[in-house]
Amino acid sequence: MDEKILTEQGRDLIFRHARTANAWQNKPVSDDILHRLYDLMKMGPTSANCCPLRIVFVKTADGKD
């Protein structure tokens with residue numbers, strides 16, 4: 001599979017200047033991409049440094065149900 005690495009401009013668009021998404025693509029995301037996504041998001045600013053971010057990656061149909 002030919003995966004592309006997200007550019008700084010892409011990171012700005014998705015994470016740093018993001019808006020609420022209202023549609024999703026129906027395709028799997030690799031574990032590597034999920035780990036890199038978490039590594040980027042975990043350092044984001046939080047209220048009073050309380051780290052309220054909670055993420056659950058659900059990849060199976062049973063998990064989604």
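The values are calculated or read from the model by the stated rules, or taken from the named source; none is laboratory data. Everything numeric in this text was worked out from a predicted model, so none of it was measured. In this analysis, Cβ positions are derived from the backbone assuming ideal geometry, glycine residues included, and neighbour counts consider all displayed protein chains. The accessibility values were calculated without ligands, DNA or RNA, using every heavy atom of the protein model including side chains. Shrake-Rupley method; radii C 1.70, N 1.55, O 1.52, S 1.80 Å.
State all residues of segment 32-65 that are under 11 Å from the mean Cα position of the chain (by Cα) and surrounded by 10 or more Cβ atoms within 10 Å (Cβ to Cβ); if no residue qualifies, say none.
Listed by number, the residues that qualify are I33, L34, H35, R36, L37, Y38, L40, M41, K42, F57.
For D12, which of the numbered conditions (1) open to solvent by less than 70 Å² (accessible area, probe 1.4 Å); (2) within 11 Å of the chain's Cα centre (by Cα); (3) of a type in the set (D, E) fails to hold?
(2)
Looking only at segment 7-30, which residues are more than 23 Å from T60 (Cβ to Cβ) and at pLDDT 85 or above?
Residues satisfying the conditions are T7, E8, Q9, G10, R11, D12, L13, F15, R16, H17.
Only one of (1) in a helix (DSSP H, G or I); (2) modelled with pLDDT under 80 fails for I33. Which number is that?
With (1) in a helix (DSSP H, G or I); (2) modelled with pLDDT under 80 applied to I33, the lone miss is (2).
How about segment 1-30: which of its residues are outside any loop (DSSP other than H, G, I, E, B) and not β-branched (V, I, T)?
E8, Q9, G10, R11, D12, L13, F15, R16
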